[in-house]
Amino acid sequence: MLLSLISSTPVWVWALLVFLVTRGVSAMKPGETSLTKLAIVPALFTAWGVWSLGHRFGSSWEAWAEWLVGIGAGMGLGWMLLRRATLTVNMSTGRLWRRADYSLLPLLLLTFVVKYGFEVALSVSPSLNFDDVFRAAYLLLSGGFTGVFIGKYLRYLRASRLATPPSALEAAG
């Protein structure tokens with residue numbers, strides 16, 4: 001059964017896993033980055049969530065509301081995970097210097113496994129779409145994990161604004 005599940009998983013899912021592992025491993029080393037690069041993971045999980053909700057629940061406002069509640073809760077957690085985030089800005093390149101982030105890889109793997117597990121369960125048993133407890137768990141967790149990455153990005157965004165001298169913001173504005 002496991003082999004059947006793995007072989008019927010679309011190739012893009014495995015490519016996404018490889019990409020996420022690569023991002024997680026690279027985040028374990030301090031280095032220069034950009035806000036655009038930091039936005040990739042939250043954007044990917046947001047897009048995956050929007051696609052999943054549209055595919056599974058259509059325009060059900062209840063489903064979207066539960067997912068958004070999860071995002072809100074996750075954003076708070078993501079914000080707290082980086083409460084000590086400090087960034088410096090290389091004024092000549094505009095790139096950010098960030099410390100190593102050891103939380104990213106485990107979060108990415110956990111998020112992937114949970115989302116993959118829910119998607120597999122829904123594929124194997126579509127009737128779970130109508131189970132209120134399963135549906136709430138799926139939507140809240142999916143939104144929550146997405147929110148963690150959004151919250152972390154917002155914390156980096158705030159830290160980059162604090163690290164950038166006001167004169168540089170005026171010149172860029």
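The numbered conditions (1) surrounded by 17 or more Cβ atoms within 10 Å (Cβ to Cβ); (2) free of Cβ contacts under 8 Å to residues at least 60 places away in the same chain are all true for residue 92 except (1). No other residue among 100, 171, 159 is modelled with pLDDT under 90, surrounded by fewer than 21 Cβ atoms within 10 Å (Cβ to Cβ) and part of a loop (DSSP other than H, G, I, E, B) apart from 100. The residue list 139, 104 contains one member that is in contact (Cβ under 8 Å) with a residue 12 or more places away in the chain, more than 18 Å from residue 50 (Cα to Cα) and not hydroxyl-bearing (Ser, Thr, Tyr), which is 104. Kindly check whether there is at least one residue in the stretch 86-97 that is assigned to a helix (DSSP H, G or I), more than 19 Å from the chain's Cα centre (by Cα) and over 18 Å from residue 45 (Cα atoms). No; the residues of the stretch 86-97 include none that is assigned to a helix (DSSP H, G or I), more than 19 Å from the chain's Cα centre (by Cα) and over 18 Å from residue 45 (Cα atoms). When the criteria are applied in full, residue 134 fails the requirement of being assigned to a helix (DSSP H, G or I), of a type in the set (A, V, I, L, M, F, W, C) and closer than 20 Å to residue 18 by Cα. Does any residue of the stretch 38-47 turn out to be surrounded by 17 or more Cβ atoms within 10 Å (Cβ to Cβ), touching a Pro at 6+ places or on another chain (Cβ under 9 Å) and in contact (Cβ under 8 Å) with a residue 12 or more places away in the chain? No, the stretch 38-47 contains no residue that is surrounded by 17 or more Cβ atoms within 10 Å (Cβ to Cβ), touching a Pro at 6+ places or on another chain (Cβ under 9 Å) and in contact (Cβ under 8 Å) with a residue 12 or more places away in the chain. Is there any pair with a first residue in the stretch 73-84 that is assigned to a loop (DSSP other than H, G, I, E, B) and a second that is charged (D, E, K, R) whose Cβ atoms are under 8 Å apart and which are 6 or more apart or on different chains, and what are they? Short answer, once both residue conditions are applied: 82/101; 82/152; 82/155; 83/155. Of all the residues in the stretch 52-82, those that are within 23 Å of residue 126 (Cα to Cα), at pLDDT below 90 and crowded, with 20+ Cβ neighbours inside 10 Å number 1. I'm checking my understanding of the structure. Among residues of the stretch 7-40 that are in a loop (DSSP other than H, G, I, E, B) and more than 17 Å from the chain's Cα centre (by Cα), which one is modelled with the highest pLDDT? Only one residue fits best here, namely 29. Residue check: residue 67 meets all listed conditions (1) of a type outside the set (S, T, N, Q); (2) in contact with a helix residue (DSSP H, G or I) (Cβ under 8 Å, 6 or more places away or on another chain); (3) in a loop (DSSP other than H, G, I, E, B) but one, namely (3).
The values are calculated or read from the model by the stated rules, or taken from the named source; none is laboratory data. Remember, predicted model here, so these are calculated numbers, not experimental data. Don't worry about glycine lacking a Cβ; one is built from the backbone with ideal geometry, like all the others, and counts go over all protein chains shown.
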